[in-house]
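Scroll down for the structure; my scribbles are underneath it.
The values are calculated or read from the model by the stated rules, or taken from the named source; none is laboratory data. Everything numeric in this text was worked out from a predicted model, so none of it was measured. Neighbour counts run over all protein chains shown; Cβ positions are idealised from the backbone, glycine included. Ligands, DNA and RNA are excluded from the accessible area calculation, which covers all protein heavy atoms including side chains. Shrake-Rupley method; radii C 1.70, N 1.55, O 1.52, S 1.80 Å.
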Amino acid sequence: MKKLKTIVVRICRIKALKYVLVAIFAIVLIGFVDENSVWHHIQNKRRISELQEEITKFTDQNNRNQAQIRQLDSNPKSIEKIARERYFMKADDEDIFVLSGDNKENSADETAQ
């Protein structure tokens, strides 16, 4: 116990200790704790880059959709193609057969059990 007391007394005698403690406290406060800390700036920059990637993706998707709209306005065959592919519309003399892969997955699950 006496050794511990002497160590504490020696540490308290160091004159620059209070400046070091204040500097460490300031670095922790500025670096991590504060709302405008360096850590928050790094997270915000990462979020900005993610959002810019999303902007690029959605801009490309918008350009593709605009091109498809222009094609639909100029070409009636493209309207027919979309109606056949997406909405399973058909001409009067046609039959449509829809093949689904769902039955294969279900039967594989049933055989495994």
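For the range 1-19, the candidate set comprises residues that are assigned to a loop (DSSP other than H, G, I, E, B) and of a type in the set (A, V, I, L, M, F, W, C); within that set, the residue that is most open to solvent (accessible area, probe 1.4 Å) is MET1. Taking VAL28, is it part of a helix (DSSP H, G or I) and of a type in the set (A, V, I, L, M)? The answer is yes for VAL28.
When the range 31-50 is limited to residues that are open to solvent by less than 70 Å² (accessible area, probe 1.4 Å) and either under 30 Å from ALA91 (Cα atoms) or assigned to a helix (DSSP H, G or I) (or both), the one that is modelled with the highest pLDDT turns out to be SER49.
Among the criteria (1) at pLDDT 80 or above; (2) among the hydrophobic types (A, V, I, L, M, F, W, C); (3) exposed (fewer than 10 other Cβ atoms within 10 Å of the Cβ), the one VAL28 does not fulfil is (3).
Please determine whether any residue of the range 81-99 is touching a Phe, Trp or Tyr at 6+ places or on another chain (Cβ under 6 Å) and surrounded by fewer than 10 Cβ atoms within 10 Å (Cβ to Cβ). Yes, that holds for at least one residue.
Would you check if SER78 is small (Gly, Ala, Ser), more than 33 Å from the chain's Cα centre (by Cα) and open to solvent by less than 80 Å² (accessible area, probe 1.4 Å)?
Numbers: small (Gly, Ala, Ser): yes; more than 33 Å from the chain's Cα centre (by Cα): yes; open to solvent by less than 80 Å² (accessible area, probe 1.4 Å): yes.
For SER78, the condition - small (Gly, Ala, Ser), more than 33 Å from the chain's Cα centre (by Cα) and open to solvent by less than 80 Å² (accessible area, probe 1.4 Å) - is met.
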